[in-house]
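Here the structure comes first, spelled out in structure tokens, and everything after it is commentary.
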Amino acid sequence: MSHSHYKPDTQSITGGHDPAEHQGSLKPPIYETSTFVFETAEDAKSYFKSVYALDESAPKEAAGYIYSRLDSPNLKPAEHRLAMWEGAEDALIFNSGMSAISTVMLEFLRPGDTLLYSAPLYGGTETLIKKVVAPLNVETRSFGPADTADDIAVDERVALVYVETPSNPTNDLFDLEIAASIAKGCGAPLAVDNTFLSPIGQQPLAHGADISIHSATKYLGGHSDLTAGAVAASADLIDSLRHLRYRIGTTASPQTGWLLARSMETLRLRVDRQTENATKLAAYLDEHPKVAEVRHLSLLNPGDPGFDIYKRQCLSPGAMISFALEGGEPEVFRFLNEMDIIQLSVSLGGTESLASHPWSTTHSTVSPDDKRALGIGPGLVRFSVGIEDSGDLTNDLEKALTAV
Ligand SMILES: Cc1ncc(COP(=O)(O)O)c(C=O)c1O
């Protein structure tokens with residue numbers, strides 16, 4: 001059953017699952033098995049040929065399932081739905097955002113190559129680059145949101161351009177068309193971490209990116225009850241990444257794939273509501289005397305850095321706010337300790353509102369000088385807005401700000 005001619009909101013309900021292939025089950029059953037039985041020894045031989053690319057003529061994906069570390073039927077609906085939302089030919093689900101990012105870096109980077117990346121980045125990605133990628137004799141070079149194409153040093157050794165936009169936690173925007181032209185000039189792919197906006201708010205492939213990456217733990221999963229990662233790209237790139245996923249075992253479990261497909265049915269509903277709430281709360285915070293600065297894409301005005309990029313590249317402002325309190329860590333701690341409905345936790349993108357202090361948590365591995373240079377001061381709060389009542393959330397912010 002192909003529903004590919006339907007609109008994304010329709011396909012996200014039924015896409016990637018055909019009841020006729022599952023005894024009429026309306027919803028995908030969970031294949032909670034580590035291994036699969038082959039009908040014949042010949043099938044086993046031919047599946048292995050595909051998976052381990054033993055001969056060039058073998059199809060790139062096995063015609064059947066072998067073992068759940070390699071692939072599982074429960075990953076297919078979520079992969080189908082993500083590819084559809086991202087406007088990509090295909091997609092892959094991984095067992096965490098970091099494993100999706102690591103797999104992409106491992107696919108393209110070799111000793112002697114250069115990785116060009118935007119800064120700031122999610123702290124875990126920054127640590128991966130500094131502690132794992134750089135020691136493999138890969139030169140790692142960053143550029144900031146204020147750098148123009150002329151400021152970014154490039155050469156033929158650049159093997160991957162990696163951009164996170166909007167950046168975690170500052171909501172800085174990077175121009176994907178400029179990044180794509182830099183990557184193209186070096187013959188390198190452009191990979192974009194699209195976690196913060198989700199495909200509802202930004203579709204990087206439409207702006208020249210080759211790969212869109214997600215921590216699916218966030219908006220794609222949307223309920224803070226799973227960890228997963230995802231990549232959307234052309235069929236050829238996905239085939240190569242799938243083979244690397246087979247080899248290094250960064251595949252998501254059947255249960256995770258199942259939960260993710262279920263969650264993606266409501267992706268637009270959740271993200272739209274979260275975005276609406278965030279836009280109201282950003283306006284409230286922007287007027288508050290105890291708040292020094294608010295960063296939410298809805299607050300960008302003509303002439304602001306990032307405004308033109310926002311208008312060209314983003315479909316909506318998303319639900320991630322960062323704001324700085326007058327003062328520093330003591331004021332932020334008083335604020336966080338006083339919240340009631342908004343919970344003190346470091347993840348984002350779920351139905352519930354969460355706030356955290358990047359300086360002492362998600363970005364604690366980045367040096368204080370680097371954090372300050374990147375706009376992550378000790379007074380900064382990261383706020384992931386949920387789907388609760390916006391009046392209740394405003395009252396909670398007011399209560400916590402009164403304690404500062
Ligand atoms: C922007 C961004 N990318 C990647 C990751 C890593 O994802 P995961 O925690 O699912 O490994 C995170 C996690 O917070 C993130 O915020």
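Rule-based calculations on the coordinates, nothing more; no lab input. Note that this is a predicted model, so its numbers are computed, not measured. As a convention, Cβ positions derive from the backbone with ideal geometry for all residues, glycine included, and neighbour counts pool all protein chains shown.
Structural descriptor for the stretch 178-331: relative contact order 22 percent, calculated from alpha carbon pairs under 8 angstrom and at least 6 residues apart.
At 222 nm, what helix-only mean residue ellipticity would the chain give, in deg cm²/dmol to the nearest 500, using -39500 (n - 2.57) for each DSSP H run of four or more?
When only DSSP H runs of four or more count, the value is -10500 deg cm²/dmol.
The ranking of GLU39, GLU164, GLU177 by Cβ neighbour count inside 10 Å, starting from the fewest, reads GLU39, GLU177, GLU164. Does the stretch 135-248 come out rounded, prolate or oblate, given a ≥ b ≥ c as the square roots of the eigenvalues of its C-alpha gyration tensor, rounded meaning a/c under 1.5 and, failing that, prolate meaning a/b above b/c? It comes out oblate by the Cα gyration axes. Quick one: Debye curve from the alpha-carbon atoms of the stretch 286-329 only, equal weights, vacuum; give me log10 I(q)/I(0) at q = 0.13, 0.15, 0.29, 0.30 Å⁻¹ to two decimals. For the requested q values the scattering log ratios are -0.34, -0.44, -1.05, -1.09.
Annotation: the antiparallel percentage among DSSP beta bridges lying fully within the chain is about 60. Across the stretch 271-281, coupling constants 3J(HN,Hα) worked out from phi with the 6.51/-1.76/1.60 Karplus curve, θ = phi - 60°, read 5, 4, 5, 4, 5, 4, 4, 5, 5, 5, 5 Hz, and Gly and Pro carry x. Ordered by the number of other Cβ atoms lying within 10 Å of each residue's own Cβ, fewest first, VAL132, VAL385 fall into the sequence VAL132, VAL385. Scanning residues 5 or more positions from GLN202 or on other chains, those with amide H under 5 Å from its amide H are LEU315, with H placed 1.01 Å from N in the peptide plane.
The angle between the Cα long axis of helix 97-108 and the longest principal axis of the Cα atoms of the chain comes to about 60 degrees, rounded to the nearest 10. Build a GNM of the chain with springs between Cα atoms under 10 Å apart, and of PRO169, PRO29, PRO289 the one that fluctuates most is PRO289. Compared with the dominant Cα axis of the chain, that is its longest principal axis, helix 329-338 is turned about 70°. Remark: relative contact order (the stretch 246-404) = 26 percent; criterion is Cα-Cα distance under 8 angstrom and separation of 6 or more residues.
Once the piece of chain linking GLU21 and LYS280 is laid out straight, how much longer is it, given 0.36 nm per residue of separation minus the C-alpha distance between them?
Numbers: separation 259, 0.36 × 259 = 93.24 nm, distance 4.50 nm.
This chain segment gains 88.7 nm when fully extended.
Remark on the stretch 267-402: Rg and Dmax equal 14.5, 40 Å (Cα only). For the residue pairs LYS130/LYS184; LYS130/LYS371; LYS280/LYS399, the C-alpha atoms sit more than 19 angstrom apart in LYS130/LYS184.
For the stretch 144-266, what's the relative contact order in percent, using C-alpha pairs closer than 8 Å and at least 6 residues apart?
Values: 170 pairs, mean separation 22.0, N = 123.
Averaging sequence separation for qualifying contacts and normalising by length gives 18 percent for the stretch 144-266.
In a reduced charge model with +1 at each Lys and Arg Cβ and -1 at each Asp and Glu Cβ, the chain shows a dipole moment near 540 debye about its Cα centre.
Based on the reciprocal of the average 1/r between different C-alpha atoms, the Kirkwood radius for the chain equals 22.0 Å. Among VAL192, VAL154, sorting on how many other beta-carbon atoms sit within 10 Å of each Cβ, with the fewest leading, yields VAL154, VAL192. Structure remark: mean-square fluctuation, Gaussian network model of the chain, C-alpha springs under 10 Å; the largest value among GLY16, GLY201, GLY185 belongs to GLY185.
With axes computed from alpha carbons, what is the tilt in degrees of helix 254-264 against the longest principal axis of the chain, rounded to the nearest 10 within 0 to 90? The answer is roughly 60 degrees. Is the C-alpha gyration tensor of the stretch 89-181 telling us rounded, prolate or oblate? Criteria: a/c under 1.5 is rounded; beyond that, a/b larger than b/c is prolate, otherwise oblate. Taking the square roots of the gyration eigenvalues as a ≥ b ≥ c, the stretch 89-181 is rounded.
Do any of LYS49/LYS131; LYS49/LYS76; LYS218/LYS311 go past 26 Å between their Cα atoms, and which? List each step's numbers first, then the result.
Numbers: LYS49/LYS131 35 Å; LYS49/LYS76 21 Å; LYS218/LYS311 24 Å.
Exceeds cut-off: LYS49/LYS131.
Principal axis extents of the Cα atoms in the stretch 194-316, from largest to smallest and rounded to whole angstrom, are 53, 32, 24.
Kirkwood hydrodynamic radius computed over the stretch 1-116 comes to 16.6 Å, based on all pairs of distinct alpha carbons.
Of GLY64, GLY306, GLY24, the residue with the greatest mean-square motion in the GNM of the chain, using alpha carbon springs below 10 Å, is GLY24.
Note on the chain: dipole from Cβ charges, positive end direction compared against GLY306, PRO111, ALA355; the farthest Cα belongs to PRO111.
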